[in-house]
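Down below is the structure, laid out as structure tokens.
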Amino acid sequence: MIPKINRKRLAATFIELCEISSPSRQEKSIADFLKISFKQLGAKAIHIDSSASQTGSNTGNLLIRFKGKDQAKEGLFFSCHMDTVEPGRDVKVDQQGDIFTSRGATILGGDDKSGIAALIELIRMLTESGAHHPTIEMIFTTCEEIGLLGAKNLDYQWLETKQGYALDSTGIDRVIIGAPAANKIKIEVHGIAAHAGLHPEKGINAFCLAAKAIANLRLGRLDEQSTSNFGLIKGGIATNIVPDLITLEGEVRSHSAQKLDAYTKEIEATFRKTIENWRNPFLSQDGAPSVDIMVEKEYPAMRLAETEPVVERVRNAGARLDRNLEFLIAGGGSDANIFCSYGLPTAIVATGMDKVHTTDEQLNLNDLASLTELLYVLVTE
């Protein structure tokens, strides 16, 4: 029998978590809060790893273990990230009925504090009910929002469990079993500076070269498996100076490793061809443009089979609750991509978060309670 969800307590926990500022690389306050909370709930082991030296965060990843009363069933881990995007400092939560929003010009923080709140309530319910459960480990990562840095530098040797769930997606009753790989691309287009009014013919406009290359690219949805985007551009000093450096940052994502490589090379080739085809229109120019291209593999693809035990386990939990869970292939990456690459099958479970990464973000308490109920069945049935 499933205990009744303490909705008032769950709501209070969520609000308290959201009002702890934890932008990327500044997660120590929430890590300290979680250490105290789970120690009071009887955690068997609490561990801060040494990832801070690699991520630049003011804390390492936090790992928690509750030993199981049911050793016959394989243990599970649950993962949430502690960091939020900006503007996420000094959040004040407004609750109108069952709906949580931010009172000010900030995000709410449901990404990913909705998942954390559900885990705290799960452990409280297990403690109060005395229900048997397998070993449960919790992974609270840093710097997820800026490149999955915490997961990339996690102390994986500490873990005893070998499969689990990342609580980190919009909607409810949704399970993500596939996500693409991604490459980050940084391009520096070099021209020559000159006074734009007195001697423009002595300059080479890096902005015009970059714009010409971008105009020749395929961006957006490339095919049913792949996308590409350039979202950051910077450069220039003043309106009266021909810009000599333009920096662009973008990405390519694909569920196919071959397509990811091909589309990345297509971008590189387009920029190099644009620079190579430049011709000197003025005899007074001294020099030629150039381009530097840096590609970083941000995260690998993840894909779980429908028959994977971690997938069947959550499907069965949904069936016990008479819910028809939706199993999806998504377009975004998460810590689950990194866990899967370490041989730890990880499905992503939606937490009810909505309109994330905006100041219009909101969460419905009914969805948060529904998630908590699913987690309880997942570890006890």
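All of the numbers you see were taken from the coordinates with simple rules; none came from a lab. For clarity, every value in this text was computed on a predicted model and none was experimentally measured. A quick note on method: Cβ atoms are made from the backbone with ideal geometry, for glycine too, and the neighbour counts reach across all protein chains shown.
Starting from the stretch 181-248, pick out the trypsin sites (Lys or Arg not before Pro) whose DSSP state is loop and whose Cβ has at most 15 other Cβ atoms within 10 Å. Present the calculation step by step, with values, prior to reporting the outcome.
Numbers: sites: Lys184, Lys186, Lys202, Lys212, Arg218, Arg221, Lys234; in loops: Arg218.
Here the trypsin sites (Lys or Arg not before Pro) that fit, given the DSSP loop and packing criteria, are Arg218.
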Review point. Any idea what log10 I(q)/I(0) is at q = 0.08, 0.11, 0.13 Å⁻¹ for the stretch 54-213, Debye with uniform C-alpha scatterers and no solvent?
Key: -0.42, -0.65, -0.81
Review point. Which one of Lys28, Lys113, Lys69 has the biggest mean-square fluctuation once the chain is modelled by GNM with Cα springs under 10 Å?
Key: Lys69
Exercise for review: Could you tell me the distance between the Cα centroids of the stretch 319-381 and the stretch 122-159, to the nearest Å?
Suggested key: 14
Practice item. Have a look at Met302, Met138, Met294 and tell me which one the Gaussian network model of the chain (Cα, springs below 10 Å) gives the largest fluctuation. Key: Met294
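Around Ala206, what is the net charge, scoring Lys/Arg as +1 and Asp/Glu as -1 over all other residues with Cβ under 12 Å from its Cβ? If you can, show how the numbers build up before the last one.
Values: positive: Lys212, Lys234; negative: Glu188, Asp244, Asp292.
That sum, taken over residues with Cβ under 12 Å, equals -1.
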Check your understanding: Per the helix-only calculation at 222 nm, which mean residue ellipticity applies to the chain, given -39500 (n - 2.57) for every DSSP H run of n ≥ 4 and division by its residues, nearest 500 deg cm²/dmol?
Key -> -9500 deg cm²/dmol
**Study point:** Charge-dipole axis of the stretch 273-381 as Lys and Arg at +1 and Asp and Glu at -1 on Cβ define it, positive-most pick from Val295, Asn316, Leu368
**Key:** Val295
Study note, to complete from the structure: Taking the dipole of the stretch 109-210 about the Cα centre (Lys, Arg +1; Asp, Glu -1; charges at Cβ), the one of Ile120, Ile204, Trp158 that reaches farthest to the positive side is Ile204
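Cut-off is 10 Å between beta-carbons; in what order do Cys208, Cys18 appear when sorted fewest neighbours first?
On the way: Cys208 17, Cys18 28.
Placing the least packed residue first, the sequence is Cys208, Cys18.
Hey, could you get me the Stokes-Einstein D for the stretch 286-381, Kirkwood radius over alpha-carbon pairs, 4 °C and 1.567 mPa s, rounded to whole µm² s⁻¹?
After rounding, the answer is 79 µm²/s.
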Check your understanding: Just for the Cα atoms in the stretch 200-248, what are the lengths along the principal axes, largest first, rounded to whole Å?
Key -> 45, 18, 12
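Please state, as a whole number in µm²/s, the translational diffusion coefficient that the Stokes-Einstein equation yields for the stretch 250-331 at 25 °C and 0.890 mPa s, with Rh defined as the Kirkwood radius across alpha carbon pairs.
The diffusion coefficient I find is 140 µm²/s.
With the cut-off at 16 Å, report for the stretch 1-62 the share of all Cα pairs above it, as a whole percent.
More than 16 Å apart: 57 percent of the Cα pairs in the stretch 1-62.
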Point to revise | Calculated on alpha-carbon atoms, Rg and Dmax of the chain in Å | key: 24.2, 85
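With contacts defined as alpha carbon pairs under 8 Å and 6 or more residues apart, what's the relative contact order of the stretch 9-126 in percent?
Relative contact order, the stretch 9-126: 31 percent.
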Review point. For the stretch 103-176, what percent of Cα pairs sit more than 14 Å apart?
Key: 72
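Tell me, what is a quarter of the convex hull surface for the C-alpha atoms of the stretch 183-299, in nm² with one decimal?
Details: hull surface 29.2 nm².
Result: 7.3 nm².
Just need the relative contact order of the chain here, percent rounded to a whole number, with Cα pairs under 8 Å and 6+ apart.
23
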Check your understanding: What size of dipole, in debye to the nearest 20, comes out for the stretch 128-183 about its Cα centre when the only charges are +1 on Lys and Arg C-beta atoms and -1 on Asp and Glu C-beta atoms?
Key -> 220
Check your understanding: For the chain, modelled as a Gaussian network with Cα springs under 10 Å, which listed residue fluctuates most, Thr55, Thr142, Thr351?
Key -> Thr55
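Roughly what % of DSSP beta bridges within the chain run antiparallel, to the nearest 5?
Close to 75 percent.
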Check your understanding: In the stretch 1-49, with Lys and Arg counted as +1 and Asp and Glu as -1 at Cβ, which of these residues, Ser24, His47, Phe14, has the Cα nearest the positive end of the dipole, that is, farthest along it?
Key -> Phe14
Check your understanding: Using modelled backbone amide H atoms (1.01 Å from N, in-plane), which distant-in-sequence or interchain residues come within less than 5 Å of Asp354's amide H?
Key -> Gln362
